[in-house]
Each structure stands twice: as structure tokens, then as C-alpha cells.
Amino acid sequence: MGETLTFTATGSPQVVSRAIEEYARTQGHVTAIVVPWESDDTTLSMAVTAVKSDGWAIEHTNLGTIRLIDAGHDRTEVAIAAEPPDHPEPQKLAAVFERFVRQVQSRFHAE
């Protein structure tokens, strides 16, 4: 990806964040969760991680950040930026993140 992808979604940042969290949960390969200590009254920050489980062990690898900024009038500006994964398979994880980002954009982008 390399740069920040931005688009507008319908709904408040809280509504959009819950929808993205649920969507990520249904995909099974990534999680997207709100990071409260990086959020404020007008902007929610979400961490996107790759999830790998092996029995009881669960590994989360940070892939990027989604920022949801209140644009007023029940609209949210979405800004998604990749973070190079600190992992032995960075290209594979970058592809997972890019696929997730494309799916989020096509699902939540307001016309």
C-alpha cells in the first residue's frame, strides 16, 4: 500500500468502528479493535492485526491503523495506513492487509 487510503463512510465513528470490528471478525484472518488510549472525542484509532492461532497460543502481528474522524452530519472520514509488519513473512502479511483494506473500502465507502 505505502500511503494512506482515505474515504468517507456513513455513520458516526463509533458506528463505523463497530461495523469494521464485526466485519474483521467474520473474515477470521485479521482483527480490528479500537485503541482507546490513541482515541479522543472526535477521532477513533483502530489497530489492525493478523491473527494466527495454534492450540492455546495466539499470535497477533500489527499490520496497520484505521483512523475514524467525525466529519459531522452522520459521516466519518476513514484513513487507513499500513505499518510494515515485523515478521518473517512481510509480503504475505502486507497482502493480507491490502486485501482487507480493499474489502473495507468497498463495503463502507459512502457514495
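The values are calculated or read from the model by the stated rules, or taken from the named source; none is laboratory data. Here the structure is a predicted model, which means the values were calculated and not measured. Backbone-built Cβ (ideal geometry, glycine too); neighbour counts: all protein chains shown.
Summed over the stretch 24-50, residues that are within 11 Å of the chain's Cα centre (by Cα) and under 18 Å from L93 (Cα atoms) total 10.
This table checks each residue for (1) closer than 19 Å to V35 by Cβ; (2) in contact with a strand residue (DSSP E or B) (Cβ under 6 Å, 6 or more places away or on another chain); (3) of a type in the set (G, A, S).
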residue	(1), (2), (3)
T49	yes, yes, no
G64	yes, yes, yes
I69	yes, yes, no
D74	no, no, no
V78	yes, yes, no
R102	no, no, no
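Among the residues of the stretch 33-55, those that are without any contact (Cβ under 8 Å) to a residue 40 or more places away in the chain and among the hydrophobic types (A, V, I, L, M, F, W, C) comprise I33, V34, V35, W37, L44, M46, A47, V51.
Evaluated against (1) surrounded by 16 or more Cβ atoms within 10 Å (Cβ to Cβ); (2) at pLDDT below 85, G64 falls short on exactly one condition, (2). Scanning the stretch 80-100 for residues that are exposed (fewer than 12 other Cβ atoms within 10 Å of the Cβ) and closer than 15 Å to A32 by Cα yields a count of 0.
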